[in-house]
Amino acid sequence: MSKVRRVPPEIGVLVVVAIVAVIMGSISPEFRTPSNLSVLLLNGSVVTFLAIGQACVLLTGGIDLSVGSNIALTGMMAALAMQAGVSWWLGALIAVLTGVAVGAFNGVMVHYGTCLRSS
């Protein structure tokens, strides 16, 4: 009896990414440069951090759509702080502290809101 092997659905995404990379690389030689790959990976890292945070929320049984808004807020806080003349590391610290404060507020509201609703 032969086993039927199934192709994981993620392979489809990989194939599409490979096709797009080949097409874009053939259209524009600048696409294949190491500096462009670095920019693509850097921009992808932001989405990766968002996905990690959202995965933590989903794994604990919650649905939290405020993660994206929190990232936008913290990014704006860092940008405004640095535009005001603050060094980049202090701007990053302000962004992290803002994210922690907003996340803690959301967590407290969800926890106590759920406790009040279920009692």
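Things to note:
- So Ala78, is it closer than 23 Å to Leu97 by Cβ and loosely packed, with under 12 Cβ neighbours inside 10 Å: no
- Every pair of residues 6+ apart whose Cβ atoms lie under 9 Å, when the first sits in segment 103-117 and is farther than 12 Å from Val67 by Cβ and modelled with pLDDT under 75 while the second is surrounded by 11 or more Cβ atoms within 10 Å (Cβ to Cβ) and not polar (S, T, N, Q): none
- Subset of segment 38-68 [of a type in the set (Ser, Thr, Tyr) and assigned to a helix (DSSP H, G or I)]: Ser38, Ser45, Thr48, Ser66
The values are calculated or read from the model by the stated rules, or taken from the named source; none is laboratory data. Every value quoted in this text rests on a predicted model; they were computed, and no experiment measured them. Every residue, glycine among them, receives a Cβ derived from its backbone with ideal geometry; neighbour counts consider all protein chains shown.
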